[in-house]
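Structure first, commentary second.
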Amino acid sequence: MSIRLAVAAALCALALFPLAGRDYYATLMLPFFGYGIALLGLNLLFGTTGLLSFGHALFLALGAYTAAFLTSKLGVLDLEVILAAAAVTGALVAVPTGLLCVRYVRIYFGMLTLAFGMLFYSFLLKFYAVTGGDEGMRVLRPRLLGLAWAPLGKVEFLTGPFYYYSLALLVVGAVVMWRIVRSPFGLGLRAIRENAGKAEFTGVDVRRYRFCAFVVAAVFGAVGGALLAVPTGLADPLLAYWTHSGNLVFMLLLGGFGNFFGPVLGAFVFIVLQDQVMSVTQYWRFVFGAILAVVVIFFPQGLMGLLDPRQRAGT
Amino acid sequence: MLGGVFHAAVLFLVAAGLQLVFGVQKILNLACGSFYALGAYAGVSAVSFTLAAGAPPAVFPAVLVGAGLALALVGPVVERLLRTIYDRDESFQLLLTFALVLMFEDVIRFVWGSAPHQLGNVYLVYGQLRVGGLVIPVYNLVVIAAAGVIAALMGGMLTRTRFGRIVRATAENRRMAEALGVDVSRVYVRVFTLGVALGTVGGALVIPATAAVNEMGIDLIVEAFAVVVIGGLGSMRGAVAGALIVGIMRAVAVATYPEVEMLAIYVVVIAVLVLRPAGLFAKAAA
């Protein structure tokens with residue numbers, strides 16, 4: 001009950017946020033929406049199914065490059081089309097990689113996803129003619145709902161229509177994911193996490209369930225990645241680098257992977273914290289590494305674990 | 001080709017550290033690349049220092065190895081941190097080492113700054129050998145020989161000495177070893193420190209040939225990973241074979257078709273993981 005109130009309050013705060021007139025903070029929130037969507041997907045893999053991917057950044061990069069390719073090479077500017085294309089591309093890539101990855105669990109799954117991520121990274125980096133190499137590709141300003149919003153300047157566009165578009169998308173993503181997690185399919189995934197052998201016995205097709213979770217996570221990742229690339233206006237290979245995947249898992253853990261809203265909270269805290277720490281010291285990695293170490297050692301349930309006493313007792 | 005073997009020699013050292021720690025402690029240590037970078041920077045400092053003191057160039061390898069070994073002192077400290085989560089899920093162990101990667105990167109940036117560090121002409125002090133039409137920097141041979149010696153020493157230690165037997169027993173069955181009177185936590189500290197030392201020495205040795213840059217650690221991790229996967233997790237012979245495969249493949253790719261340099265390696269990694277997940281050399285000894 002209190003969770004529902006908190007979510008409602010958070011939504012109101014986010015909706016009112018740009019009206020406060022602090023454009024800096026409103027633009028700061030933009031990557032949060034993209035990451036939030038991507039992490040909802042990643043948590044389906046890790047939190048629900050128990051598979052730790054160290055190459056999920058692959059799909060974010062895929063979404064970002066889809067956006068870049070469509071806007072700057074093909075002249076497609078409708079964000080709806082871009083997001084749909086990103087989702088389809090994500091799924092298309094996830095099918096072959098997923099088929100291979102879900103044959104393994106635990107550390108081998110992590111290593112295989114890492115290898116795929118780095119494969120894509122080196123492809124982006126080395127095939128200059130297609131991907132622009134280390135300079136990346138530009139992502140042009142998209143049209144939202146068929147409108148160009150031409151009279152608005154860049155910041156006005158981003159903190160205005162695009163902000164609410166992203167927020168709405170995050171809400172839609174969360175609702176969809178909520179339905180997935182609560183469906184028989186989601187329950188099957190949880191059974192797999194708890195005990196794959198028993199799940200198999202009760203009639204859950206373990207490998208197919210894992211595969212489906214992988215594809216869904218990839219689609220969320222690609223959509224989140226496409227959304228991320230719009231405010232930065234750039235898709236660059238570092239999006240696929242393994243440390244980016246590490247950061248995604250970091251956000252997940254920070255928020256708490258055992259809770260549905262944990263990943264979204266993690267993305268939020270990560271982004272705000274990064275902004276704050278970076279303005280204080282250039283050695284933000286050290287601070288973040290220390291935070292991650294503390295979270296891993298002392299609070300494996302993340303922030304949500306701290307906030308929700310039920311969960312603390314339960315696990 | 002020989003450049004490939006040189007690269008392989010360094011990769012072997014780092015990968016051997018990774019293997020040792022994984023074989024015994026079952027932790028996949030992402031921070032092994034950070035130790036490599038740490039060793040490299042320390043190597044630069046140590047050599048510049050001895051150069052300023054007017055020492056002859058012949059002592060450099062010794063100085064570098066010494067710097068690497070001295071840095072291994074961080075091993076027990078890091079191990080103490082890791083010890084808190086030995087009984088946890090391996091995802092958490094992986095993440096803790098990722099936290100270490102982030103922290104070490106900034107430690108290096110803090111101490112040595114973000115500009116690349118390079119040792120001027122130390123590399124060529126040893127001269128070059130001409131074999132047929134090939135020009136081979138002698139330093140490369142020194143490093144390859146050093147890696148060979150270290151590999152032989154490691155092999156000897158693991159198979160012939162008492163400590164090696166204990167390490168292998170612990171890797172095989174930790175509880176049984178403990179029941180037989182092995183102080184496992186002490187073995188862990190030593191093994192981890194040894195793993196760190198392999199990484200730092202590897203980093204220190206590479207430094208006359210290349211510049212030390214901030215990203216060298218995180219770049220090398222994925223290569224060392226590739227080595228370990230190709231060779232088989234936890235196998236020392238696998239580390240040798242994997243390092244040679246990756247090093248030579250890279251050299252060949254750079255010479256013939258540079259676009260696929262790293263791409264080819266990951267393709268091999270994926271192929272190995274899919275076809276023979278245990279690696280080409282299934283677990284022999286720790």
- request: Could you pull out every one of the helices (runs of 4 or more DSSP H) wholly within the stretch A:1-99 that has 1 or more residues that are in contact (Cβ under 8 Å) with a residue 60 or more places away in the chain and farther than 21 Å from A:VAL264 by Cβ?
  value: A:23-43, A:57-68
query: Has the stretch A:290-307 got any residue that is in contact with a helix residue (DSSP H, G or I) (Cβ under 6 Å, 6 or more places away or on another chain), buried (at least 24 other Cβ atoms within 10 Å of the Cβ), at positive phi and modelled with pLDDT under 85?
result: yes
- prompt: Assuming A:LEU239 fulfils every condition listed in (1) within 13 Å of chain B (Cβ to nearest Cβ); (2) out of contact with any Asp or Glu (no Cβ under 7 Å at 6 or more places or on another chain) apart from one, which condition is it?
  reply: (1)
field: Test for A:VAL93: is it within 14 Å of chain B (Cβ to nearest Cβ) and out of contact with any helix residue (DSSP H, G or I) (no Cβ under 8 Å at 6 or more places or on another chain)
entry: no
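For the stretch A:96-141, name all the residues that are among the hydroxyl-bearing types (Ser, Thr, Tyr) and either closer than 27 Å to A:PRO231 by Cβ or away from chain B (no Cβ under 14 Å) (or both).
A:THR113, A:TYR121, A:SER122, A:TYR128, A:THR131
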statement: Selection from the stretch A:258-290 of residues of a type outside the set (Phe, Trp, Tyr) and either in a loop (DSSP other than H, G, I, E, B) or at the interface with chain B (Cβ under 9 Å from one of its Cβ atoms) (or both) yields A:GLY258, A:ASN259, A:THR281, A:GLN282, A:ARG285, A:VAL287, A:GLY289, A:ALA290
- request: Can you give me the ranges of the helices (runs of 4 or more DSSP H) entirely in the stretch A:105-214 with at least 1 residues that are among the hydrophobic types (A, V, I, L, M, F, W, C) and closer than 30 Å to B:ILE221 by Cα?
  value: A:106-126, A:128-131
- prompt: Among B:ALA226, B:ALA239, which is touching a Gly at 6+ places or on another chain (Cβ under 8 Å), away from chain A (no Cβ under 14 Å) and either buried (at least 21 other Cβ atoms within 10 Å of the Cβ) or within 27 Å of B:ARG80 (Cα to Cα) (or both)?
  reply: B:ALA239
field: Scan of the stretch A:130-173 for residues that are touching a Gly at 6+ places or on another chain (Cβ under 8 Å) and either exposed (fewer than 14 other Cβ atoms within 10 Å of the Cβ) or of a type in the set (A, V, I, L, M, F, W, C) (or both), ordered by number
entry: A:VAL139, A:LEU140, A:TRP149, A:LEU152, A:LEU170
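Among the residues of the stretch B:16-36 satisfying the criterion of being aliphatic (A, V, I, L, M) and part of a helix (DSSP H, G or I), which is farthest from the chain's Cα centre (by Cα)?
B:VAL24
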field: Matching residues, the stretch B:205-215, being of a type outside the set (Gly, Ala, Ser) and surrounded by fewer than 24 Cβ atoms within 10 Å (Cβ to Cβ)
entry: B:THR210, B:VAL213, B:ASN214, B:GLU215
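So which residues in the stretch B:84-94 are more than 20 Å from the chain's Cα centre (by Cα) and facing another protein chain (nearest Cβ under 7 Å)?
Hits for the stretch B:84-94 are B:THR84, B:ILE85, B:GLU90, B:SER91, B:PHE92.
The values are calculated or read from the model by the stated rules, or taken from the named source; none is laboratory data. Here the structure is a predicted model, which is why all the values come from computation and not from measurement. Reconstructed Cβ throughout: ideal geometry from the backbone, glycine too, with neighbour counts over all protein chains shown.
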